[in-house]
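**Student:** My structure is below; once you've seen it, I'll send some questions.
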Amino acid sequence: MAGYFVSGDPDLHMDSGLLAEEIAQRWPTVRFLERNDADNVARWAVRMPSNRELFGELQSSGQAIELEGDVYDAAEFARWVRTQVPDRVPLYFFDEGYTQNLPVTSRTSTAELAEPFVVRQ
């Protein structure tokens, strides 16, 4: 499994408590692996529509979410994050090797985010 990130500009600060509430509302079966709102820490696992599990972690700075799992699931989660962050704040989707840095807009599709990371054989 590869690691992916959803991140914004330096002005972005996601709150772990609010993010956890929103995740639980969207994915009621979420499993929180760690949560400490005082330190702005949240780690979770959600079952995606693909029936695969996607692991996520909010970095304590509140500027980025790290995702571990299938690229399409990670891209779908990134699209959901876009709905949680005001449009005026730029968001980007990229992999741990930073081979691509794709803007996440309200019009970006899951396929547009995932395809650059799909390995073709």
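The values are calculated or read from the model by the stated rules, or taken from the named source; none is laboratory data. Here the structure is a predicted model, which is why all the values come from computation and not from measurement. Every residue, glycine among them, receives a Cβ derived from its backbone with ideal geometry; neighbour counts consider all protein chains shown.
**Student:** Regarding residue 108, is this residue modelled with pLDDT of 95 or more and either out of contact with any strand residue (DSSP E or B) (no Cβ under 6 Å at 6 or more places or on another chain) or part of a loop (DSSP other than H, G, I, E, B) (or both)?
**Tutor:** yes
**Student:** Moving on to the next point. Does residue 68 satisfy being within 21 Å of residue 10 (Cα to Cα) and of a type outside the set (Val, Ile, Thr)?
**Tutor:** Numbers: within 21 Å of residue 10 (Cα to Cα): no; of a type outside the set (Val, Ile, Thr): yes.
Judged against the criteria, residue 68 is not a match.
**Student:** What is the residue count in the range 1-38 for residues that are among the polar types (S, T, N, Q) and in a strand (DSSP E or B)?
**Tutor:** First, the residues of the range 1-38 that are among the polar types (S, T, N, Q): 7, 16, 25, 29, 36.
Add one more test, that the residue is in a strand (DSSP E or B), and what stays is 7, 36.
Residues flagged as among the polar types (S, T, N, Q) and in a strand (DSSP E or B) within the range 1-38 amount to 2.
**Student:** Tell me, which residue of the range 82-103 that is free of Cβ contacts under 8 Å to residues at least 24 places away in the same chain and not in a strand (DSSP E or B) is surrounded by the fewest Cβ atoms within 10 Å (Cβ to Cβ)? Walk me through how you get there before you give the answer.
**Tutor:** Restricting attention to the range 82-103, the residues satisfying the condition of being free of Cβ contacts under 8 Å to residues at least 24 places away in the same chain are 83, 86-88, 97-103.
Next cut, not in a strand (DSSP E or B) only: 83, 86-88, 97-100.
Values: 83: 10, 86: 9, 87: 10, 88: 6, 97: 9, 98: 8, 99: 9, 100: 13.
Selected residue: 88.
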